[in-house]
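The values are calculated or read from the model by the stated rules, or taken from the named source; none is laboratory data. All of these numbers come straight from a predicted model, not from anything done at the bench. Cβ sites come from the backbone with ideal geometry, for glycine too, and all protein chains shown count toward neighbours. In case anyone asks, the SASA skips ligands and DNA or RNA and just uses the protein heavy atoms, side chains included. Shrake-Rupley method; radii C 1.70, N 1.55, O 1.52, S 1.80 Å.
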Amino acid sequence: MPTCIIHIDGGSRGNPGPAGAGVMLQWSDNGTPFHEAGYFLGEATNNFAEYQGLLRALDVAAAAGADELDIRSDSQLLVFQLIGKYRVKSPNIKPLYQQAVASLKRFGKWQARHVYREQNQRADQLANMAMDAIDDVIVIEDGVEK
């Protein structure tokens, strides 16, 4: 099975403020997205939104049968926490981090890497779409455009 490439982004207008997470998942063999969504999170911080995007993307990847993940995020904090380069100090983020680490054990192999915003534009757009709509926005689900 090909690697599942995951792009995630989270945003908050006010930090804390109205928040959203954007996720895009695609297979490495063809590059075609099979899931694109923005999730409205209510009042939250940017870091909370980043982790929510990751957790939702991991659930979608597991449901799609992915075994290998290539996680890409423009949140250096999230990526460096996942790979053990930074400690998780925030009591609000620690449970989300622990949930993410437990969720990653469902997969045979994974990597997380920091990418620049330009390489993560679609996930950013999806997060903003959810914040603008004040609701979840599902663009592609199970490979089908909505």
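Laid out as a table, the results:
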{"quantity": "Candidates Asp136, Asp74, Asp29, ranked by Gaussian network fluctuation over the chain, Cα under 10 Å, top entry", "calculated": "Asp29"}
{"quantity": "Dipole of the chain, positive direction: furthest Cα of Phe107, Val144, Ile134, with charges on the beta-carbon", "calculated": "Phe107"}
{"quantity": "Accessible area (Å², per residue) of the chain, counting only protein heavy atoms and a probe of 1.4 Å", "calculated": "50"}
{"quantity": "Protection proxy ranking, peptides 124-131, 63-70, average beta carbon neighbours within 10 Å, highest first", "calculated": "124-131, 63-70"}
{"quantity": "Prolate/oblate/rounded label for the range 65-146 (Cα gyration tensor, a/c 1.5)", "calculated": "prolate"}
{"quantity": "Stretch gain in nm, segment Ser28-Asp132, where the contour uses 0.36 nm per residue and the Cα spacing is subtracted", "calculated": "34.4 nm"}
{"quantity": "Tail weight of P(r) past 20 Å, computed on alpha-carbon pairs of the chain, percent", "calculated": "41"}
{"quantity": "Per-pair calculated FRET efficiency, R0 = 25 Å: Ala64 and Lys105 via Cβ, rounded to 0.05", "calculated": "0.90"}
{"quantity": "Mean residue ellipticity (222 nm) of the chain, computed from DSSP H runs ≥ 4 via -39,500 (n - 2.57), nearest 500", "calculated": "-10500 deg cm²/dmol"}
{"quantity": "Reachable aspartates and glutamates from Lys89, criterion Cα separation under 17 angstrom, eight or more residues apart if same chain", "calculated": "Glu50"}
{"quantity": "Solvent-accessible area, 1.4 Å probe, carbon plus sulfur percent, for the range 51-106", "calculated": "48"}
{"quantity": "Dipole magnitude of the chain about its Cα centre (Cβ charges: Lys, Arg +1; Asp, Glu -1), debye to nearest 20", "calculated": "800"}
{"quantity": "In sequence order, calculated HN-Hα J values of the range 133-146 (Karplus, 6.51, -1.76, 1.60; Hz; x Gly/Pro)", "calculated": "7, 6, 6, 5, 10, 9, 8, 9, 9, 6, x, 10, 6, 9"}
{"quantity": "Prolate/oblate/rounded call for the range 97-145, Cα gyration tensor, a/c under 1.5 rounded", "calculated": "prolate"}
{"quantity": "Normalised contact order of the range 29-146, rounded percent, pairs of Cα under 8 Å and 6 or more residues apart", "calculated": "48"}
{"quantity": "For the chain, built as a Gaussian network whose Cα springs stay under 10 Å, the top-fluctuating residue of Pro91, Pro18, Pro33", "calculated": "Pro91"}
